[in-house]
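One structure is given here, and the rest of the page talks about it.
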Ligand SMILES: *Cc1c(COP(=O)(O)O)cnc(C)c1O
């Protein structure tokens, strides 16, 4: 019998990072702007931009920092309203507050995606939108972009957990004006901490570069992606010289080295993560009490965790299911039923006039979250699926009485 897998351990950092880490240790060359050129952070930026197909990338200390700088780069006035989904991580509305803007939340449906009618109804006096692809679930980007473009509202994609996801073949993070990614340990690429923003807009990236801490003429070390002309960027940087505050949100060469070594691993992690997810999702659909909402047809996912909904369970049943799964060795978090969960909007009490979102709340009370890293084997995924099915059966029995 296979034991329940350890879903918390990270993958080792690829061996290919070792020589460069040794060089950094020997030389102490950790600051991105010390070397005259080709510092690991700069190389990460040009490689990431090339991989994503954007003109520019700016590596920073976290995805939260990237979101904050995106709002600052958009030059929003104080108290500007920024619309975001009611299902995301608390760091996202926090970035809005940090940028002196006001978070406006919209409803998210049972499929973890933005309710477009509710989104549209709240767009009127909004000055920017952040689309969080929460747990890598992509909302309808065609409709979101159409609604925002009509009104001239800029869209920032919070793709923290969406590296490798595509929408009609296009990389997530390249659809809005700016895309932001995370390299924190629970994301597809693990540097402990780190983030990056990507854009095609020279003026936006120039502002973000300076505010990230490119003081004096450090910005001269920033470039467009390989083979692209950097003249627009240089002109924009010269225009903003001495005009902007420095928030010092830079990434170190050590982090960049650890990230760069993992870039070639991305296609494998995406492929195996999708295999594990789709296998486990299909298995748990055998249970009448568990369901995995379908993705939108335009989307190809890159999951490293599994979300599913409990169907027909009361609050008490839900807690009993969570306890039964834990006894079988699989930890499930019900977003709305665990104390102080940072993904439950009612815990974002730093937002003034925190709204009620009944549909999002109902979803969170039955939506389960289960880690499912790409490194698991299919038989380990079967152990997870068996435990989830058995836990539901233990609490609810074999069959569901439809229509009662
Ligand atoms: C992890 C995460 C963040 C925050 O990323 P950090 O790099 O830790 O700041 C933001 N949004 C989503 C959807 C995330 O999953």
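The values are calculated or read from the model by the stated rules, or taken from the named source; none is laboratory data. The model shown is predicted, which means the values in this text are computed figures rather than measured ones. Cβ placement follows ideal geometry from the backbone for every residue including glycine, while neighbour counts extend to all protein chains displayed.
Tell me whether segment 74-81 contains one or more residues that are more than 15 Å from the ligand (Cβ to nearest atom) and without any contact (Cβ under 8 Å) to a residue 24 or more places away in the chain.
Checking segment 74-81: at least one residue is more than 15 Å from the ligand (Cβ to nearest atom) and without any contact (Cβ under 8 Å) to a residue 24 or more places away in the chain.
Which residues, counting only those in segment 145-160, are within 16 Å of the ligand (Cβ to nearest atom) and without any contact (Cβ under 8 Å) to a residue 40 or more places away in the chain?
Within segment 145-160, 155, 157, 159 meet the criteria.
Looking at segment 191-238, which of its residues are crowded, with 20+ Cβ neighbours inside 10 Å, within 16 Å of the ligand (Cβ to nearest atom) and outside any helix (DSSP H, G or I)?
Correct list: 191, 194, 195, 196, 197, 198, 212.
Which ones in segment 338-357 are assigned to a loop (DSSP other than H, G, I, E, B) and surrounded by 19 or more Cβ atoms within 10 Å (Cβ to Cβ)?
Passing the criteria: 343, 344, 348, 357.
Name the residues in segment 180-205 that are within 11 Å of residue 56 (Cα to Cα) and either modelled with pLDDT under 95 or within 13 Å of the chain's Cα centre (by Cα) (or both), would you?
196, 197
Does segment 114-129 contain at least one residue that is within 16 Å of the ligand (Cβ to nearest atom), within 25 Å of residue 335 (Cβ to Cβ) and in contact with a helix residue (DSSP H, G or I) (Cβ under 9 Å, 6 or more places away or on another chain)?
The answer is yes; a qualifying residue exists.
Go over the candidates 329, 397 one by one and state the one that is modelled with pLDDT under 95 and over 23 Å from residue 294 (Cβ atoms).
So the residue among 329, 397 that is modelled with pLDDT under 95 and over 23 Å from residue 294 (Cβ atoms) is 397.
Could you figure out which of (1) over 19 Å from residue 54 (Cβ atoms); (2) more than 16 Å from the ligand (Cβ to nearest atom) isn't true of residue 174?
Single failed check for residue 174: (1).
Here are the criteria: (1) at pLDDT 95 or above; (2) in contact with a strand residue (DSSP E or B) (Cβ under 7 Å, 6 or more places away or on another chain); (3) over 30 Å from residue 381 (Cα atoms). Tell me which single one residue 224 does not satisfy.
(1)
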